[in-house]
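Read the structure below first, then the notes.
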Amino acid sequence: MAAASYDVIIIGAGPGGYVAAIRAAQLGLKTAVVERDHLGGICLNWGCIPTKALLRSSEVFHLMERAKDFGLKADNIGYDLDAVVKRSRGVAKQLSAGVKGLLKKHKVDVVMGAATIPAKGRVSVKTDKGSEELSGKNIILATGARARELPGLEADGDLVWTYKHALQPPRMPKKLLVIGSGAIGIEFASFYNTLGAETTVVEVMDRVLPVEDEEISKFARKAFVKQGMKIMEKAMVKQLDRSAGKVTAHIEVGGKVEKHEFDSVISAVGIVGNVEGLGLEALGVKIDRTHVITDEFCRTGVEGLYAIGDIAGAPWLAHKASHEGVMVAELIAGKHAHPVKPESIAGCTYCQPQVASVGYTEAKAKELGYKIKVGRFPFIGNGKAIALGEPEGMIKTIFDEKTGELLGAHMVGAEVTELIQGYVVGRQLETTEEDLMNTVFPHPTLSEMMHESVLDAFDRVIHI
C-alpha cells in the first residue's frame, strides 16, 4: 500500500504541533499530525493548564481564609483534595477535546501512535493496529520534553513525585520537599504550602526563581518565607533514603550535609528533550544535550526538517512553541516569516505572589553594555491593589538611557501574569519611554503601576 502523502507532517500535537497543523491547513497545505499520547500535549494535559486549575483552587482557599479582612464571614473552611484534583483534570480534558475539534474543523489528519523517521520525507507510525507509512515534503518535530530525573532522586509515584504525580497526588503531603525552584517547582510549592503542607524548597543556585531579575527573586522569596515556606539556596539534594511512608533527604548546604525527613518529595530539576527513537542521528540532525540545534527559522540543517518548541531549546514555554509553529507553517507556505526572538517572550509563574517578566534583567542589560535607567513602583502605592487587599508587589522597568528603548520589565504581585502583556506589546512595537509616558492608563487599575514604573525610571513618578 502506498504511503499517504502530505505537504506537512507534524510529529507531536502539543501547543507547538497542533498550532503548526492548524496554521498549515489554513494556508492550504495538506497536513497530518502524529501524536503518541494526548492531543494538546503536556501543556494542556499535564502542565500549564491543569496546574493553573489547581492553583486557582488554592488561591480561592487562601482568600476564604482571609474573609475577615474583607468584612466577610466564612466558618469551617476546608478543602477536598480529590475534588480539587477532579476539577483540574476536567479542565484539562475539556481543552484536549477542544484541540481534537479544532484539528477536525481544519481537516488535519490525526494519526495516533509513535513516530520514527526512517528516511528524509518519510514517517513511520506504530499504531494500535500495526504501522502506518506517511510521506511528506516537510516534517516538523514538535515532540516536546519530559521531566529530568537525577540519579538516586528518581520518582516512584509514592514518596517521590514528578509534576505528573503532583497533579494527581496519592495523598496530601504533611512535610513536603520540592527540589528545584524554577516555575514548576515553585508553583507546586505554592499550591501545597497554601493547603497546609510544611514545605521546604531546595535550590542549587544562589536564589529562588533563578532566571528572574535578582530584585524580583528576593521579593518573591520574602513572600514565600512569610507564608511559611522554608527556602534553602545554594543547596543540593545528594541522596534520598526511602522507607515506609518516609524519605530522609541528605541536603548539602554550606559545605555540610544535613539530614531532613519528609513524607513527600517533588522533583522539578528541569527537562530533557524527547529526541530518542525518532531516527534523528541517522538523518544527520545535530543534537546538543537532548535538544535539536536549529537556526532562527527552526530549520535543522536537514532539508525539509524543522524542530519547534521544547525540543528546540529554551525558553521552554508553550507560547514560544505555538509561535514557532505558526512561523514554520508560513515559511513552508512561502510566506514572509518573522523569527521568534527569545528576549521578546514573556515568562509567567503562577505562584503566590505571581511573577512575570519580559526582556533583559538589570544584570543582563548591564552585561550587554547598556547604560540603563531603572524604574520601580510598589503595589502599596496603587489604589486598586489596596482595594483588592493585595498591597504586596512591585513593577520594575529597565530602559536604555540613550534611546529610551524598553529593555526589560519584571513584576511580582497579584495578576502580574495578565499585566505583562502590556510591556510585551510595547517591546514588539519598539516602544520608547515617551510612548509609554504619553499613554493614558485607566483608573483605578493595577495597570497604572506600569505607567508609574516608567515615570519613576525618568524621575517623574507621581504616587511615591
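The values are calculated or read from the model by the stated rules, or taken from the named source; none is laboratory data. It should be emphasised that the depicted structure is a prediction, and the values quoted were computed from it without experimental measurement. Glycine also receives a Cβ, built like all others from the backbone with ideal geometry; neighbour counts cover every protein chain displayed. For the accessible areas, the whole protein counts, side chains as well, though only heavy atoms, and no ligand, DNA or RNA atoms are used. Shrake-Rupley method; radii C 1.70, N 1.55, O 1.52, S 1.80 Å.
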Q: Test Glu149 against the stated conditions and say whether it is of a type outside the set (Phe, Trp, Tyr), free of Cβ contacts under 8 Å to residues at least 40 places away in the same chain and surrounded by fewer than 19 Cβ atoms within 10 Å (Cβ to Cβ).
A: no
Q.
Looking only at residues that are within 27 Å of the chain's Cα centre (by Cα) and open to solvent by 60 Å² or more (accessible area, probe 1.4 Å) in segment 230-253, which one is farthest from Ile266 (Cα to Cα)?
A. Lys234
Q. Here is a list of conditions, (1) on the phi < 0 side of the Ramachandran plot; (2) open to solvent by 40 Å² or more (accessible area, probe 1.4 Å), and Asp459 meets all of them except one; can you say which number that is?
A. (1)
Q: Just name the residue that is nearest to Lys52 (Cα to Cα) out of those in segment 77-101 that are touching a residue at least 40 places away in the same chain (Cβ under 8 Å) and open to solvent by 70 Å² or more (accessible area, probe 1.4 Å).
A: Leu95
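Matching residues to (1) modelled with pLDDT of 95 or more; (2) surrounded by 22 or more Cβ atoms within 10 Å (Cβ to Cβ); (3) among the charged types (D, E, K, R); (4) more than 19 Å from the chain's Cα centre (by Cα):
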{"position": "Ser190", "(1), (2), (3), (4)": "yes, yes, no, no"}
{"position": "Thr200", "(1), (2), (3), (4)": "yes, yes, no, yes"}
{"position": "Glu203", "(1), (2), (3), (4)": "yes, yes, yes, no"}
{"position": "Glu215", "(1), (2), (3), (4)": "yes, no, yes, yes"}
{"position": "Ala220", "(1), (2), (3), (4)": "yes, yes, no, no"}
{"position": "Val225", "(1), (2), (3), (4)": "yes, no, no, yes"}
{"position": "Gly228", "(1), (2), (3), (4)": "yes, no, no, yes"}
Q.
Just the residues that are over 24 Å from Thr294 (Cα atoms), in a strand (DSSP E or B) and either open to solvent by 70 Å² or more (accessible area, probe 1.4 Å) or in contact with a Gly (Cβ under 9 Å, 6 or more places away or on another chain) (or both), please, taken from segment 126-146.
A. Lys126, Thr127, Ser131, Glu132, Glu133
Q. Is segment 269-277 home to any residue that is open to solvent by less than 20 Å² (accessible area, probe 1.4 Å), in contact (Cβ under 8 Å) with a residue 24 or more places away in the chain, in contact with a helix residue (DSSP H, G or I) (Cβ under 6 Å, 6 or more places away or on another chain) and not in a loop (DSSP other than H, G, I, E, B)?
A. yes
Q | Check on Thr417, of a type in the set (Ser, Thr, Tyr), modelled with pLDDT of 95 or more, in contact with a Cys (Cβ under 8 Å, 6 or more places away or on another chain) and on the phi < 0 side of the Ramachandran plot | A | yes
**Q.** Matching option when the condition is closer than 23 Å to Leu317 by Cα, assigned to a loop (DSSP other than H, G, I, E, B) and of a type in the set (Gly, Ala, Ser), among Ser181, Ser217
**A.** Ser181
Q. Only one of (1) open to solvent by less than 60 Å² (accessible area, probe 1.4 Å); (2) not in a helix (DSSP H, G or I) is not met by Gly334, so which one is it?
A. (1)
Q: Name every residue in segment 381-412 that is assigned to a helix (DSSP H, G or I), exposed (fewer than 15 other Cβ atoms within 10 Å of the Cβ) and touching a residue at least 12 places away in the same chain (Cβ under 8 Å), in order of residue number.
A: Gly383, Ala387
Q. Looking only at segment 363-380, which residues are open to solvent by less than 40 Å² (accessible area, probe 1.4 Å) and closer than 14 Å to Asp213 by Cβ?
A. Ala365, Ile372, Val374, Gly375
Q) Wholly within segment 1-76, which helices (runs of 4 or more DSSP H) include no fewer than the required count, namely at least 2 residues that are at negative phi and either surrounded by fewer than 18 Cβ atoms within 10 Å (Cβ to Cβ) or of a type in the set (Lys, Arg) (or both)? A) 17-26, 48-65
Q: Within segment 440-464, work out how many residues are in a loop (DSSP other than H, G, I, E, B) and of a type in the set (S, T, N, Q).
A: 2
Q: Kindly indicate which of Gly301, Gly309 is small (Gly, Ala, Ser) and either open to solvent by 20 Å² or more (accessible area, probe 1.4 Å) or more than 23 Å from the chain's Cα centre (by Cα) (or both).
A: Gly301
Q: Kindly indicate whether any position in segment 254-265 is under 19 Å from the mean Cα position of the chain (by Cα) and of a type in the set (S, T, N, Q).
A: no
**Q.** Scope segment 160-178; condition open to solvent by 10 Å² or more (accessible area, probe 1.4 Å), touching a residue at least 24 places away in the same chain (Cβ under 8 Å) and over 14 Å from Trp46 (Cα atoms); matching residues
**A.** Arg171, Met172, Lys174, Lys175
